[in-house]
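**Q** Take a look at this one; I'll ask things after.
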Amino acid sequence: MRHLMSPLDFSTGELDRLFDLANDIEKNMDKYAHVCDGKKLATCFYEPSTRTRLSFEAAMLNLGGNVLGFSEASSSSAAKGESVSDTIRVISCYADICAMRHPKEGAPMVAATHSLIPVINAGDGGHQHPTQTLTDLLTIRSLNGSLSDFTIGLCGDLKFGRTVHSLIRALLRYENIKFVFISPEELRIPDYIITELKEKNAEFEEVTKLEDVIGTLDILYMTRVQRERFFNEEDYIRLKDFYILNKAKLALAKETMMVLHPLPRVNEISVEVDNDKRAAYFKQAQYGVYVRMALIMTLLGLADGVLENNDR
Amino acid sequence: MLNVGKIEEGFVLDHIKAGQSLDIYHKLNLDKLDCTVAIIKNAKSNKMGKKDLLKVECDVEMLDLDVLGFIDHSITVNVIKGGEIIEKKSLKLPKQITNVIKCKNPRCITSIEQELPHIFVLTDEKSETYRCKYCEEKAVKRWDI
């Protein structure tokens, strides 16, 4: 039985098969409408995350399965002091697969150790959020054509951004990707990531202004720069505009560039950008459902041979 | 080596870094055993300048080599039987250690679920890096036990 704890749990070959399945789901939704008939997904969310929970539930419902679960710790037995390992043993009796979000790092790993059903880490504190990374990879692969040979700019809070760190590590397994890190000095990419980039001989540069590099990018991955991350209000006001994507900055970019964002956005992408053909962040949310559908099928052992049958 | 009386069966841990013998004594749970233990501190050493030693008279099977390997794999383990050294064991970095050190990450699941074992996994042999199995927090320096 397999679980998903980190995006690196799957080899690149396994990811290719997962993404092929997700792309087939995108094209032939009807074909998959009943593959999970009679199966149940438990969404065990110890902290609220509407977007992630709903995308998991939509994925299972699209596959013909059912969903049950809780959306915050106070409505679960955790409030009575039940351990994660006890909870998952019980959930294993009720459902066929579980997606778990927990504020404590490693909680889904504890669940996986004691579970009789596959467990998907749906986010554990600041540690991992693998289905977001799989969503990002699928979006890039689908819209760019491949996961190699491009320049990606990562913009905003690169210091605390779990999503960004996870995506960089996942992309380091592919060929010929250049990274451009765009952030204020205070929110630079951490040194341990820089060390990993150097070890893998990845090409990268660090800059502080989006305008200076936007013309060179094939992909721009935006994240939020939060006011509370700055030491003082003055710096925040001085710097925040450098990290807001608007029409004027987008005019400097390639016509083929794609703009991604893990969402929710606040003001870092101006709404005037939404109708530009390069804005791909809502499409990205849609890919999040496809990749979770493919993941549920794969972990339930329902993906084997599906694509081969297609070719006949 | 200083002579603190011969032991019949047990082990002598040699080349312990000076000042660390008492920590090792506790980490190997020797304080809980009802046997003869000699702790020698700051003995002269040609190789190390100063060193500590531990002489323990007990069943040799009771020694947890993984714990010792994690603490300091340069320690020499002399196994004694019939009053003689019959074997010198070399120590390796263990692949995994359980309940030797605690995860200090306040966001780790082990911080709220007391009954969970604290498991650290060797993730990089070269840099001797251990990480928490659950949250992947790096183990703080190995002497901070």
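**Q** Please tell me if B:GLY19 is exposed (fewer than 14 other Cβ atoms within 10 Å of the Cβ), within 29 Å of B:THR129 (Cα to Cα) and more than 14 Å from the chain's Cα centre (by Cα).
**A** no
**Q** Find the residue count for segment B:22-48, including only residues that are within 14 Å of B:SER74 (Cα to Cα) and surrounded by 14 or more Cβ atoms within 10 Å (Cβ to Cβ).
**A** Counting residues in segment B:22-48 that are within 14 Å of B:SER74 (Cα to Cα) and surrounded by 14 or more Cβ atoms within 10 Å (Cβ to Cβ) gives 2.
**Q** Inspect segment A:173-194 for any residue being within 14 Å of another protein chain (Cβ to nearest Cβ), over 24 Å from A:GLY13 (Cβ atoms) and of a type in the set (D, E, K, R) and give the result as yes or no.
**A** Yes, segment A:173-194 has at least one match.
**Q** Does segment A:247-263 contain at least one residue that is closer than 30 Å to A:ALA42 by Cβ, surrounded by fewer than 23 Cβ atoms within 10 Å (Cβ to Cβ) and assigned by TED's automatic domain parsing to the domain that holds A:THR135?
**A** yes
**Q** A further question on this structure: Could you list all residues from segment A:62-90 that are of a type in the set (Asp, Glu) and outside any helix (DSSP H, G or I)?
**A** Matches in segment A:62-90: A:GLU72, A:GLU82.
**Q** Still on this structure: Of the residues A:ALA79, A:ALA111, A:ALA99, A:ALA59, only one is crowded, with 18+ Cβ neighbours inside 10 Å, farther than 25 Å from B:ILE119 by Cβ and in contact with a helix residue (DSSP H, G or I) (Cβ under 8 Å, 6 or more places away or on another chain); which?
**A** A:ALA59
**Q** Another one. Please count how many residues of segment B:86-111 are within 13 Å of chain A (Cβ to nearest Cβ), crowded, with 16+ Cβ neighbours inside 10 Å and either part of a loop (DSSP other than H, G, I, E, B) or touching a residue at least 24 places away in the same chain (Cβ under 8 Å) (or both).
**A** 6
**Q** Separate question: Looking at segment A:120-130, is at least one residue aliphatic (A, V, I, L, M) and closer than 24 Å to A:ALA285 by Cβ?
**A** Within segment A:120-130, one or more residues are aliphatic (A, V, I, L, M) and closer than 24 Å to A:ALA285 by Cβ.
**Q** Then there is this: Only one of A:GLY38, A:GLY81, A:GLY65 is of a type outside the set (D, E, K, R), touching an Asp or Glu at 6+ places or on another chain (Cβ under 8 Å) and over 27 Å from A:SER166 (Cα atoms). Can you tell me which?
**A** It is A:GLY65.
**Q** Need a quick list: helices (runs of 4 or more DSSP H) entirely within segment A:189-305 having at least 2 residues that are without any contact (Cβ under 8 Å) to a residue 24 or more places away in the chain and more than 18 Å from the chain's Cα centre (by Cα).
**A** In segment A:189-305, the matching helices (runs of 4 or more DSSP H) lie at A:191-199, A:233-239.
Residue-wise test of (1) more than 14 Å from every other protein chain (Cβ to nearest Cβ); (2) under 25 Å from B:TYR134 (Cα atoms); (3) hydrophobic (A, V, I, L, M, F, W, C).
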position: A:ALA122; (1), (2), (3): yes, yes, yes
position: A:GLY126; (1), (2), (3): no, yes, no
position: A:THR133; (1), (2), (3): yes, yes, no
position: A:ASP136; (1), (2), (3): yes, yes, no
position: A:ARG141; (1), (2), (3): yes, no, no
position: A:SER148; (1), (2), (3): yes, no, no
position: A:ILE152; (1), (2), (3): yes, no, yes
position: A:GLY156; (1), (2), (3): yes, no, no
position: A:ARG162; (1), (2), (3): no, yes, no
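**Q** Another question, if that's okay. Test each condition in (1) hydrophobic (A, V, I, L, M, F, W, C); (2) under 26 Å from A:LEU250 (Cβ atoms); (3) in a helix (DSSP H, G or I) for A:ALA111 and report the one that comes out false.
**A** (2)
**Q** Output the residue which, of all residues in segment B:97-123 that are within 14 Å of the chain's Cα centre (by Cα) and polar (S, T, N, Q), is modelled with the lowest pLDDT.
**A** B:ASN99
The values are calculated or read from the model by the stated rules, or taken from the named source; none is laboratory data. The shown structure was predicted, so the numbers you read here are calculated from the model rather than taken from an experiment. Cβ: placed from backbone, ideal geometry, glycine included. Neighbour counts: every protein chain shown.
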